[in-house]
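Asker: One structure, as structure tokens, below. Some questions next.
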Amino acid sequence: MLEAGTRARSQPPPPAIVFEALTAPDRDPARPWLRLLDDEQPPQILHAEHPRLVVWSSLWPGHPDAQVRPVAGSR
């Protein structure tokens, strides 16, 4: 049987699309991607620079000073 196509993506989405998803994770209820565990809370946006940087507040109530941010040097 020959494969006619695949859904695999070899190219990442543009930064603006990722930025939009990170700044509005609940915008598309049909495609939820931020699935929080029972001990996690929704993040707040602490800092954003369109389209390349989003810094979230902590997801973990036990660590309120933690931040979720990209690793230095990552794209």
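The values are calculated or read from the model by the stated rules, or taken from the named source; none is laboratory data. Treat the numbers as computed from the prediction; the structure is a model and nothing was measured. When we count neighbours, we look across all protein chains shown, and the Cβ atoms used for this are built from the backbone with ideal geometry, even at glycine. Only protein heavy atoms, including side chains, enter the accessible area calculation; ligands, DNA and RNA are left aside. Shrake-Rupley method; radii C 1.70, N 1.55, O 1.52, S 1.80 Å.
Asker: Select from segment 5-75 those chymotrypsin sites (Phe, Trp or Tyr not before Pro) which occupy a DSSP coil region and have at most 15 other Cβ atoms within 10 Å, ordered by residue number.
Answerer: Listed in order of number, the matching sites are Trp33.
Asker: Please report, as a whole percent, how much of the solvent-accessible surface of the chain comes from carbon and sulfur atoms (probe radius 1.4 Å).
Answerer: The C+S portion of the solvent-accessible surface of the chain is 54 percent.
Asker: Then there's this: Might you report the magnitude of the Cβ-based charge dipole of segment 15-75 about its Cα centre, with Lys and Arg at +1 and Asp and Glu at -1, to the nearest 20 debye?
Answerer: So the magnitude is around 300 debye.
Asker: Further question on the same structure: With log10 I(q)/I(0) by the Debye sum over Cα atoms at q = 0.17, 0.21 Å⁻¹ in mind, check (1) -0.59, -0.86; (2) -0.77, -0.96; (3) -0.79, -1.07 and report the label derived from this structure.
Answerer: From the options (1) -0.59, -0.86; (2) -0.77, -0.96; (3) -0.79, -1.07, the structure gives (3).
Asker: Okay, moving on. For labels at Arg35 and Val18 in the simple 7 Å Cα→Cβ model, what's the distance in nm?
Answerer: 2.2 nm
Asker: For every helix of n ≥ 4 consecutive DSSP H residues, a contribution of -39,500 (n - 2.57) applies; sum these over the chain, divide by its total residues, and give [θ] at 222 nm rounded to the nearest 500 deg cm²/dmol.
Answerer: On the way: 1 runs with 9 residues, N = 75.
Helices in the chain give a 222 nm mean residue ellipticity of -3500 deg cm²/dmol.
Asker: While we're here: What accessible area per residue, rounded to a whole number of Å², is obtained for the chain using a probe radius of 1.4 Å?
Answerer: Accessible area per residue, the chain: 90 Å².
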